[in-house]
Amino acid sequence: MARSRTPKFDASEVITNEIIRIIERGVLPWRKPWTAGGSSRPLRVGGEPYQGVNNFLLTMRTVMAGHSSPFWMTLPQANALDAKVRKGEKSSVVVYYGQSRKDAGGEDDRSDGDDRSEEARIFRFQKSYRVFNACQIDGLPDSFFPDPEPAPEHPPSEPIPHMQAFFDAIDITTVFTGTEAYYLPPVDKVYMPSITRFQDPRNFYGVWAHELAHATKARHRLNRDFGFSKFGNTSYAREEIVAELTSVFLGQTLGFTAHTLEMNAAYLHNWLRVLRSDKGAIFKHAADAQRACDYLIARSEAGRAGGRAKAA
């Protein structure tokens, strides 16, 4: 009699289903303004910020659980600090990626110095591991629970200097007109309403980040292409997810959250259609968004450096 096998744990499926359940409630928790212990990003045990999909996942979980510490760690890491995860606490699944190289004969990772790329293949793999927030662990040093910083106050409908300087330095033309926000590929321009139309100026920068993210898809920038795109189809939905996550990641750096002018059932449906049809989508598009975020940061830094050089 054959023994039944335990189904193999599929991190992509588990994580994607988790996000689907949350969105089905009609909420996007990663849009909620938050900091934990003065940090706007989840941190590894050594203090390094998480990137890409793990940043997104742990941001969402921090907000939903109300954790006050930004630090996350594995069970062995907690044990190494003579700390103990409290009984009954649930872990969070995160992922990492690696690659291995195999030649045509099946040997892995080894080379005799002869680079015969046509006889070698690179295999990328995904593995998962589990982490706990410091708030789920007893006995950690106080350094894992930094004091919160007071939330800054910003005058309504007024520019926020450091955010405005960041966006002004990016060499993508933005035209401020009308009441809609969009990127128009044929003329390679972003169109935005004036900041005076936004009671909370942070929402203005969240929308601007979203549209600049769309502009990074241009062929002369990141050349991101999901196929023919029109309002409501899958290609359109995938690009919307990338723009949303780019705004999340950029907002963590500057101090705003992702925002769009329209938050409705159709917008949520974009996410759900993609996630339900492709369990790997959130991982791919979080990576796309991280590249877009890094690109915009680099362009802003280059623009400000050029401005300082001209001033000198």
Of the residues in the stretch 42-80, those that are outside any helix (DSSP H, G or I) and farther than 19 Å from residue 90 by Cβ come to 43, 44, 46, 47, 48, 49, 51
If we keep only residues of the stretch 73-90 that are among the aliphatic types (A, V, I, L, M) and surrounded by 17 or more Cβ atoms within 10 Å (Cβ to Cβ), then the residue farthest from residue 138 (Cα to Cα) is 73
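Residues are listed down the side, and each one gets a yes or a no for (1) at positive phi; (2) crowded, with 18+ Cβ neighbours inside 10 Å; (3) polar (S, T, N, Q); (4) not assigned by TED's automatic domain parsing to the domain that holds residue 206:
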residue	(1), (2), (3), (4)
27	no, no, no, yes
39	no, yes, yes, yes
43	no, yes, no, yes
49	no, no, no, yes
55	no, yes, yes, yes
58	no, yes, no, yes
71	no, yes, no, yes
Scanning the stretch 163-183 for residues that are of a type in the set (A, V, I, L, M) and under 24 Å from the mean Cα position of the chain (by Cα) gives 163, 165, 169, 170, 172, 181
message = Residue under question is residue 160, and the condition is that it be touching a Lys or Arg at 6+ places or on another chain (Cβ under 6 Å) and not aromatic (Phe, Trp, Tyr); does it hold?
response = no
Looking across the stretch 173-184 at residues that are in contact with a strand residue (DSSP E or B) (Cβ under 6 Å, 6 or more places away or on another chain) and in a loop (DSSP other than H, G, I, E, B), the single one that is surrounded by the most Cβ atoms within 10 Å (Cβ to Cβ) is 181
* To do: Consider residue 262 carefully, then state whether it is touching a helix residue (DSSP H, G or I) at 6+ places or on another chain (Cβ under 6 Å) and surrounded by fewer than 22 Cβ atoms within 10 Å (Cβ to Cβ).
  => no
query: Hey, any hits in the stretch 27-41 for a residue that's part of a helix (DSSP H, G or I) and without any contact (Cβ under 8 Å) to a residue 12 or more places away in the chain?
result: no
Note on the stretch 139-161: residues outside any loop (DSSP other than H, G, I, E, B) and either loosely packed, with under 10 Cβ neighbours inside 10 Å or of a type in the set (Ser, Thr, Tyr) (or both) are 142, 143, 161
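Conditions tested, residue by residue: (1) over 19 Å from residue 290 (Cβ atoms); (2) modelled with pLDDT of 95 or more; (3) in contact with a Gly (Cβ under 9 Å, 6 or more places away or on another chain).
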position	(1), (2), (3)
10	yes, no, no
19	no, no, no
22	yes, no, no
44	no, yes, no
48	no, yes, no
66	yes, no, no
106	yes, no, no
110	yes, no, no
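The values are calculated or read from the model by the stated rules, or taken from the named source; none is laboratory data. All values derive from a computational prediction rather than experimental measurement. We place every Cβ from the backbone using ideal geometry, glycine too, and count neighbours over all the protein chains shown.
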